[in-house]
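Single-structure report; data block below.
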Amino acid sequence: MPVLAVAIGYTLWRGQRARPLMAALAMAAVPLLVVPLKIWIDRPGPLTDATGYYPSGHTATAMVAYGGAALLLAPHARQVGRTRRNRAMPAAVLLTLATGIGLILRGYHWPLDVLGSLALCGMQLLALERALRAAGSRDLSRSTRRSSARTPTG
C-alpha cells in the first residue's frame with residue numbers, strides 16, 4: 001500500500017484529481033470484495049483448521065496496490081521516455097506474483113486461494129484501467145497546462 005500511496009501523492013502533486021481518487025476507491029473496494037467471499041466460501045487454510053482463507057486478501061491487496069500504482073504512473077512514464085514506460089507494469093506483476101508465491105510456500109494459502117485473488121482483482125484492475133483511461137484525458141490535459149504555465153519560455 002505504500003507504493004500506491006506514493007503514486008497517488010505524485011499524481012495529486014501533478015494536478016490530477018479524478019485518477020488518484022479512482023485508484024484509492026479500487027483499493028478500498030478490495031476488502032469489500034474479498035471479505036464476503038471469505039465468509040461465504042469458509043475454506044480452511046493449508047496448515048490450520050481455521051477458515052476464511054479463500055481468496056487470499058494479501059494477494060488481492062498486493063495486486064491492486066502494485067497494479068493501481070503502475071496504471072497511475074503509466075501516463076507520466078510515457079512523457080519521460082519509452083524505456084521507463086515498460087517497467088511499471090512488469091514490476092507490479094512480479095511483485096504480486098512474489099507475494100502470492102511467498103504465501104503459498106510459507107503455508108498461509110493454497111495455490112487456488114492465490115489464483116482466485118488474481119482472477120478477482122484482475123477484473124478489478126481492468127475496470128480501473130478503463131476508468132483511468134476515461135478520466136485521464138481530462139486530468140492529464142489539466143496537468144500539462146499547469147506544468148507548462150510553471151515553465152518559463154525563452
Selection from segment 47-72 of residues surrounded by fewer than 24 Cβ atoms within 10 Å (Cβ to Cβ), among the hydroxyl-bearing types (Ser, Thr, Tyr) and closer than 19 Å to Pro36 by Cα yields Thr51, Tyr53, Tyr54, Thr61
Lone unmet requirement of (1) among the polar types (S, T, N, Q); (2) open to solvent by 50 Å² or more (accessible area, probe 1.4 Å); (3) assigned to a helix (DSSP H, G or I) for Thr99 = (2)
Taking segment 105-115 and keeping residues surrounded by 18 or more Cβ atoms within 10 Å (Cβ to Cβ) and not aromatic (Phe, Trp, Tyr) leaves His109, Asp113, Val114
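Inspect segment 42-57 for any residue being in a strand (DSSP E or B) and over 13 Å from the mean Cα position of the chain (by Cα) and give the result as yes or no. Please lay out each step first, then the result.
Going through segment 42-57, the residues in a strand (DSSP E or B) turn out to be 44, 51.
Now narrow it down to the ones that are over 13 Å from the mean Cα position of the chain (by Cα): 44, 51.
Yes, there is a match, as at least one residue in segment 42-57 is in a strand (DSSP E or B) and over 13 Å from the mean Cα position of the chain (by Cα).
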Could you give me the residue pairs with C-beta distances under 7 Å whose first residue belongs to segment 9-26 and is over 12 Å from Leu132 (Cβ atoms), whose second residue is open to solvent by less than 20 Å² (accessible area, probe 1.4 Å) and of a type in the set (Asp, Glu) wherever it lies, and which are 6+ apart or on separate chains?
-> Arg17/Asp139
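The values are calculated or read from the model by the stated rules, or taken from the named source; none is laboratory data. Owing to the predicted nature of the structure, the values given are computational and were not obtained by experimental measurement. Reconstructed Cβ throughout: ideal geometry from the backbone, glycine too, with neighbour counts over all protein chains shown. With ligands, DNA and RNA removed, areas are computed over all heavy atoms of the protein, side chains included. Shrake-Rupley method; radii C 1.70, N 1.55, O 1.52, S 1.80 Å.
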